[in-house]
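Step one of this worksheet: look at the structure below.
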Amino acid sequence: MKLKGIDKFMEKTDPVFAGKRIALIPVYFLSLFITGLLVMTSFNNLPNVLSTSGIDGMVLAFLPLIGEGIVGAIGFVMVYQIWFLREKMKAKYGKWAYRRIFLVGFGGIILVLSMTVISFFPISGTFWSIPPFNVLVTSIDSYLGIAAPFIAWPRAVLGIVVSIIGLIMIPRSIITFGFDYTTVVYLYFPEESTFQDHAIYSALRHPMYSGGLTIALGGMIFSFTPYAILLYVTFLIGFSMHVRFVEEPELMSRFGDSYKEYRKKVPAFFVNPARLKTFFGFLFGIRRA
């Protein structure tokens with residue numbers, strides 16, 4: 001069965017991804033995802049490598065955040081090009097503007113998504129075993145003494161389950177809305193877009209982004225270290241700023257006051273408990289999405 005919206009996507013990117021060359025997209029995305037992880041894990045381990053170099057320990061302790069900041073900054077800069085360069089690209093390349101910018105914009109999204117799983121990779125080593133730096137990478141519940149093991153395992157399982165829910169949300173979003181909508185084809189061709197009426201939009205404004213944030217939330221719960229919590233909060237702030245200042249202004253300009261009212265009623269990323277039935281119906285495809 002052909003993926004919904006793939007024909008429209010291929011039409012707008014032809015001949016770059018014509019025929020079997022469409023298989024290059026997952027290869028490209030996977031390569032960027034792995035690259036993002038390698039950069040972040042390398043920065044996580046740098047304090048161990050440089051611990052005898054004479055560099056101040058407080059500086060070394062910030063290296064994991066710097067690594068994540070580099071990946072996130074590059075990712076968001078790449079993403080923003082697909083939005084902020086739209087008019088310039090359309091003026092220069094006309095109907096081929098989307099084809100020119102797609103790999104850059106969605107490459108950025110993949111780099112950002114690589115940050116969602118970094119908390120599953122523990123930060124360890126000689127440097128991180130020494131106070132006060134060990135506090136940053138030690139799970140908070142480990143300070144509960146004999147009760148710690150009884151909390152740690154359920155917490156780890158909960159983190160994995162939450163991340164699995166997020167992992168399911170992303171392909172479900174693509175299947176439900178179509179590959180063309182999830183790759184923002186209609187940001188460049190708004191005149192060809194159609195009204196999207198899906199039940200999940202009564203529970204979440206941005207199901208795809210919610211999936212990424214849910215994966216990251218699971219990673220935070222799994223690790224439950226001060227660093228993991230700080231990373232998640234930063235990740236959430238980054239997504240919130242993107243939605244508020246980049247994506248939703250475009251939606252409001254397209255749909256007017258109706259979208260402003262909709263935004264007041266429906267949360268962006270986290271489901272209202274009253275809409276859990278709708279959410280799980282979307283997640284498992286058991287109700288109209």
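Figures for the structure shown
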| quantity | calculated |
| --- | --- |
| Verdict on ALA156 being more than 25 Å from ALA73 (Cα to Cα) and either among the acidic types (Asp, Glu) or without any contact (Cβ under 8 Å) to a residue 40 or more places away in the chain (or both) | no |
| Total residues in the stretch 1-27, condition at pLDDT 85 or above and more than 22 Å from LEU187 (Cα to Cα) | 1 |
| GLU248 being surrounded by fewer than 21 Cβ atoms within 10 Å (Cβ to Cβ) and modelled with pLDDT of 85 or more | yes |
| Among residues of the stretch 18-62, those that are over 18 Å from the mean Cα position of the chain (by Cα), surrounded by 14 or more Cβ atoms within 10 Å (Cβ to Cβ) and closer than 22 Å to ILE110 by Cα, counted | 3 |
| So GLU261, is it without any contact (Cβ under 8 Å) to a residue 12 or more places away in the chain and in a helix (DSSP H, G or I) | yes |
| Checklist (1) in contact with a helix residue (DSSP H, G or I) (Cβ under 6 Å, 6 or more places away or on another chain); (2) surrounded by 21 or more Cβ atoms within 10 Å (Cβ to Cβ); (3) part of a helix (DSSP H, G or I) applied to TYR181, failing item | (1) |
| Long-range neighbours under 7 Å by Cβ, at least six apart or interchain, first residue more than 16 Å from MET208 (Cα to Cα) within the stretch 270-284, second part of a helix (DSSP H, G or I) | ARG275/SER202 |
| Long-range neighbours under 7 Å by Cβ, at least six apart or interchain, first residue in contact (Cβ under 8 Å) with a residue 40 or more places away in the chain within the stretch 229-253, second assigned to a helix (DSSP H, G or I) and of a type in the set (Ser, Thr, Tyr) | LEU231/SER119; VAL246/TYR80 |
| Tabulated pairs, the stretch 38-59, first farther than 21 Å from THR116 by Cα, second not aromatic (Phe, Trp, Tyr), C-beta under 7 angstrom, 6+ apart or interchain | PRO47/LEU60; PRO47/ALA61; PRO47/LEU63; ASN48/GLY125; ASN48/THR126; LEU50/LEU60; SER51/LEU60; SER51/THR126 |
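The values are calculated or read from the model by the stated rules, or taken from the named source; none is laboratory data. Source: prediction; values computed, not measured. Cβ coordinates were reconstructed from backbone atoms using ideal geometry, including for glycine residues, and neighbour counts include every protein chain displayed.
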